1. What is the residue count in the range 449-478 for residues that are over 23 Å from the mean Cα position of the chain (by Cα) and crowded, with 21+ Cβ neighbours inside 10 Å?
2. Among Pro574, Pro568, Pro584, which is the only one that is of a type outside the set (D, E, K, R) and in contact with a helix residue (DSSP H, G or I) (Cβ under 7 Å, 6 or more places away or on another chain)?
3. Just checking, how many residues over the range 293-326 are within 33 Å of the chain's Cα centre (by Cα) and β-branched (Val, Ile, Thr)?
4. Which of the following residues is at positive phi and either modelled with pLDDT of 95 or more or surrounded by fewer than 16 Cβ atoms within 10 Å (Cβ to Cβ) (or both): Gly664, Gly655?
5. Do we find a residue being touching a helix residue (DSSP H, G or I) at 6+ places or on another chain (Cβ under 6 Å), more than 27 Å from Glu408 (Cβ to Cβ) and in a helix (DSSP H, G or I) anywhere in the range 247-259?
6. Out of (1) of a type outside the set (Val, Ile, Thr); (2) modelled with pLDDT of 90 or more; (3) in contact with a helix residue (DSSP H, G or I) (Cβ under 7 Å, 6 or more places away or on another chain), the odd one out for Met112 is which?
7. Val339: buried (at least 18 other Cβ atoms within 10 Å of the Cβ) and either modelled with pLDDT under 95 or not assigned by TED's automatic domain parsing to the domain that holds Pro752 (or both), yes or no?
8. Inside the range 427-526, counting only strands (runs of 3 or more DSSP E) that do not spill past its ends, which hold 2 or more residues that are within 27 Å of Val379 (Cα to Cα)?
Amino acid sequence: MTREHALLESAPDTAAGNTVSRRAFLAASAAAGGGLMLHLTVPGTAFAVPSKSGPGAELNAYIRIAPDGIVTIAAKNPEMGQGTKTTLPMLIAEELDVDWKNVRVEMAPVDMQKYGPQFAGGSFSTPMNWDPLRRAGAAGRQMLVTAAAQTWGVSPSECETSAGVVRHKPTGRTLKYGELAARAAKLPVPDLRTVSLKDPKDFRIIGKFTGGVDSPAIVQGKPMFGIDVTVPGMRYAVFQKCPVFGGKVVSANLDEIQSLPGVRKAFIVRANDAAAHGITNVDRLQEGVAIVADSWWAANKALQKLKVKWDEGEAVNQSTAAFEKRAAELFREAPQKTVHKEGDVDAALASAAKVLEATYSYPFIAHAPMEPQNCTAQVRDGKVEIWAPTQFPANGRTLVAKTLGVDESDVTVHMVRCGGGFGRRLSNDYMVEAAWIAREAGEPVKLIWTRQQDIQHGFFRPGGFHHFKAGLDANGKLVGFRDHFVSFSGADGDFANSANITATEQPARLIPNVEFVASLMPLNLPTGPLRAPASNALAFAFQSFFDELAHAAGRDPLEFLLELAGEPRVIPPPEGANRFMPVPGFDTGRMRGVLELVAEKSDWANRKSLPKGTGKGIAFYYSHLGYFAEVVQATVNPKTGFVKVDKVWVAGDVGSHIINPAGGINQVQGAALDGISEALGQAITIERGRVVQSNFHDFPLLRMNQAPPVEVHFRITPNPPTGLGEPALPPAVPALCNAIFAATGKRVRKLPIDPAELRSA
């Protein structure tokens, strides 16, 4: 189970259905200065997070209308560049019918009892909030119309709204929202189930290119991120952990460190008994040495002189080379478990006209956000206050409370903008470290990780190995498919975080004979979700092998994928898929639609006219409720094997509306470029239990001169809107690798791409 999927437990309502609970209600009150404040409470419409602090969770959106007509809307979810701080308020503003220029956005406090789940991950923000937040705005609009109608002594049916003004249609009289706010605050609130939503043809905000609400401040370099936070009396801290995960401190030169200029304290942080405190996740406090100083420069200079003797533990025996060797052995043995089976694969392979086998592998990957992990914390009189760039603040609050032995109610977390996250900041290890160090230091501290620490102490995208065997009939149609997946296990012996495969991975449910089996290797390295978790790796292996099958059959890869989709139909989700979150079935018509659209936009039919050494590849993938097909054109230098990505075409179907096209296109382009960056050069390797890579020189991100143009096309369909942060990433990787095959005839079966393997003989 991925960390995003774990967030869904106990969720009773569906993202696809966009229904509002019968217990949903609004509360209205007078705001300071005579305005209107609306409190939207929608129990059960969000994906609830299990909590011992109380049953269930509530999703609350707050709307405040001042007498001058300025509307302040609270943004409930963390912002890390994905745009939710802009798009979610747009939903409310649209139905409230205000002018966007009169909207101000504030980050909501962390309060799951009031706001429900507050996290950024899984591309869930749009499907979670599309219907409830629009209804919140519509309810506010209805109250303002009623207030105007009462003022004039007319029927509300005679009134209409536009850009923050209520107009009486027969007489042309108008009243601004600010003039009506105080009266509206005294009215009974409407039932959210019965409020009228706008006809989409009347949208003035949704669907319009809208700049990010924080963009002006970011362009001006104003302090907004966690690393910018300052509080009175604050010191700076660094924290050195064992290079081998889980290692313990034997001794350190603390006296020498404490004598250095600017250093206030240096001390060993001992890992407490996490299990005794009910902490089972790997982002619990690890052992290490903390240094507190007057400046980060002084703390970091002292860190360079720190000498620690470590007890490295059992993980020191693990390495990338050993994993690769063991995976090869496991492929020759019977698989340890069956993940999914349908039909008779053995019989299908025995009767196939052609059988292909291939082994694919991909490495561990670090998140490497531009802003390294950091957190500011203050512990005073048993109260903990934290300023953190986190994707999951409530989880961090729980973790801090348990670790420090205080009540959750005594821990206050302030959400600040994240300088990237990509799933890394769903884990809150840095928050726990900062709180512990602040308590021991007796004064506020800002903990900042170095880039090396950020890369070497992550929650890595797990590597994996696949041995495929597939059969084609005489017409080149796929009739049988088996995957022996060698992956990693966590402490419980099951798949490690984000190292799993599910029963819905294609071609499951699309052909009659499919079998997914797995063997697991124990792992001491922490793993976790990276943008499009699991999918970002599985898409490379499966979609590359589909391309391999198409070429073996002598068929157009596009034709092969369309045949795999079959006739337009909706395949119901597997039994049990609705246990925590009702999900829609898989729509093969939507799959076909994006494949056909990207083929048209990329001129796929004329790809054979490209010059020698240049090729186009195509791939499709469905993840996070989004349907995406992509074509990549790439050129390979025959002498050096260097890959130049010329262009990417993307076709996506995420439903009926793109709430903010500016942010949506940005997310799709960024996801595609992330995938290309991963394929071209990113790998975390392990030697003696430690991460080898330490900075961007040996863990390279895509450079600006490597970034190709990414052309984005959306296919609008009558389905509830879904998220865009993740689903465009997975198909970019296999589309690139398939383009390399088209250009060179050489198949990429191992990531990252090795130019030496692509050189001409």
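The values are calculated or read from the model by the stated rules, or taken from the named source; none is laboratory data. Bear in mind that the values here come from a model prediction, so they are computed numbers and not experimental data. Positions of Cβ are backbone-derived with ideal geometry, glycine not excepted, and every protein chain shown enters the neighbour counts.
1. Summing the residues that are over 23 Å from the mean Cα position of the chain (by Cα) and crowded, with 21+ Cβ neighbours inside 10 Å in the range 449-478 gives 8.
2. Working: Pro574 fails: in contact with a helix residue (DSSP H, G or I) (Cβ under 7 Å, 6 or more places away or on another chain); Pro584 fails: in contact with a helix residue (DSSP H, G or I) (Cβ under 7 Å, 6 or more places away or on another chain).
That would be Pro568, the only listed residue that is of a type outside the set (D, E, K, R) and in contact with a helix residue (DSSP H, G or I) (Cβ under 7 Å, 6 or more places away or on another chain).
3. Result for the range 293-326: 2.
4. Working: Gly664 fails: at positive phi.
Of Gly664, Gly655, the one residue that is at positive phi and either modelled with pLDDT of 95 or more or surrounded by fewer than 16 Cβ atoms within 10 Å (Cβ to Cβ) (or both) is Gly655.
5. Initial filter on the range 247-259 (touching a helix residue (DSSP H, G or I) at 6+ places or on another chain (Cβ under 6 Å)): 257.
Checking which are more than 27 Å from Glu408 (Cβ to Cβ) leaves us with 257.
The next check asks that each one be in a helix (DSSP H, G or I); those that pass are 257.
So far as the range 247-259 goes, yes, one or more of its residues are touching a helix residue (DSSP H, G or I) at 6+ places or on another chain (Cβ under 6 Å), more than 27 Å from Glu408 (Cβ to Cβ) and in a helix (DSSP H, G or I).
6. So Met112 meets the others, but not (2).
7. Numbers: buried (at least 18 other Cβ atoms within 10 Å of the Cβ): yes; either modelled with pLDDT under 95 or not assigned by TED's automatic domain parsing to the domain that holds Pro752 (or both): no.
Criteria not met by Val339.
8. 445-448
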